[in-house]
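All remarks here apply to the structure that follows.
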Amino acid sequence: AQTVTQSQPEMSVQEAETVTLSCTYDTSENNYYLFWYKQPPSRQMILVIRQEAYKQQNATENRFSVNFQKAAKSFSLKISDSQLGDTAMYFCAIRAVGNMLTFGGGTRLMVKP
Amino acid sequence: EADIYQTPRYLVIGTGKKITLECSQTMGHDKMYWYQQDPGMELHLIHYSYGVNSTEKGDLSSESTVSRIRTEHFPLTLESARPSHTSQYLCASRPPGFGELFFGEGSRLTVL
């Protein structure tokens, strides 16, 4: 079984500031992928960033980066230079080989002007 | 944006009605999924399909049913809607391997 925990139900950040969303997970598998998805209000859920567990280098996509700590089973998302359009629900997810995608409970992020 | 479409986006119906939520994707993905999500809450997998004529129930028990007669089409049906079915239903698909999920815009169902 695999589980994902997001301990921050809600967060807020000032525009242009940096914010970090936490995610911890558990899996007995050694080969898996981790994802952060973004769900803006009333809009489509989209992939923000993904990390292969076998890669030590942290993934980066423009203003979004992750801090992947495999031993600690931690996968946090850092958003730099926050923009109003970053306001959304953010879901952390894991998928191991042969398993379904498992989502965390989500973190609602509000970017304030 | 992903080529996966859901209709209707919003639906308000009375108790006891039969409804079908449509989901279509033009990416040729074999794997398709239905999630149920209450507003601002986590996603729960209710159905999935690994290809034509393949359907399975997900982690969350649901009174809905699905079919997969064509690769691109994965409709969800409620034979007799109840207020407890009020929720948002998200359809998704993904390519082979460790590909990401592509989501539709969701169907928000309200049963009065």
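The chymotrypsin sites (Phe, Trp or Tyr not before Pro) of segment B:29-112 meeting both criteria, a DSSP state outside H, G, I, E and B (loop) and at most 16 other C-beta atoms within 10 angstrom of the site's C-beta, are B:F98. Sites listed here are trypsin sites (Lys or Arg not before Pro) in segment A:46-113 whose DSSP assignment is loop and whose Cβ has at most 11 other Cβ atoms within 10 Å: A:K55. Rounded to the nearest 20, the Cβ-based charge dipole of segment B:1-82 about its Cα centre (Lys and Arg +1, Asp and Glu -1) stands at 320 debye.
Which longest run of chain A has no exposed loop site in it, a site being GluC sites (Glu not before Pro) in a DSSP loop with at most 14 other beta carbons within 10 Å, and the site itself not part of the run? That would be A:30-113. Rg over Rh for the protein assembly as shown works out to 0.97, both radii taken from alpha-carbon positions and Rh defined as the Kirkwood radius. Cross-link reach is defined here as a Cα-Cα straight distance under 18 Å, omitting same-chain residues fewer than 8 places apart; for A:K112 the aspartates and glutamates meeting it are A:E10, A:E15, A:E17, A:D81, A:D86. Return the percentage of antiparallel bridges among DSSP beta bridges fully within chain A, rounded to the nearest 5 %. Given both bridge residues lie in chain A, the antiparallel proportion sits at roughly 85 percent.
Net charge of the neighbourhood of B:T77, taken over other residues with C-beta under 12 Å away and scored Lys/Arg +1, Asp/Glu -1, is -1. When the listed pairs A:K78/B:K57; A:K55/B:K31; A:K38/A:K78 are checked against a 23 Å cut-off, the alpha-carbon distance exceeds it for A:K78/B:K57; A:K55/B:K31. The alpha-carbon of B:K17 sits under 12 angstrom from the alpha-carbons of these aspartates and glutamates, leaving out residues fewer than 8 places away in its chain: B:E79. Normalising by residue count, segment A:3-112 has a Cα convex hull of 92 Å³ per residue.
In this Cβ point-charge picture (+1 for Lys and Arg, -1 for Asp and Glu), chain A has a dipole of about 140 debye about its Cα centre. Dipole check for segment A:57-113: with +1 at the C-beta of Lys and Arg, -1 at the C-beta of Asp and Glu, and the Cα centre as origin, the magnitude is about 180 Debye.
If you wrap the Cα atoms of chain B in a convex hull and average its projected area over all directions, you get 6.6 nm².
Each value in this text was obtained by applying a stated rule to the coordinates, not by laboratory testing. As the structure is a prediction and not an experimental result, all values here were calculated from the model. Reconstructed Cβ throughout: ideal geometry from the backbone, glycine too, with neighbour counts over all protein chains shown.
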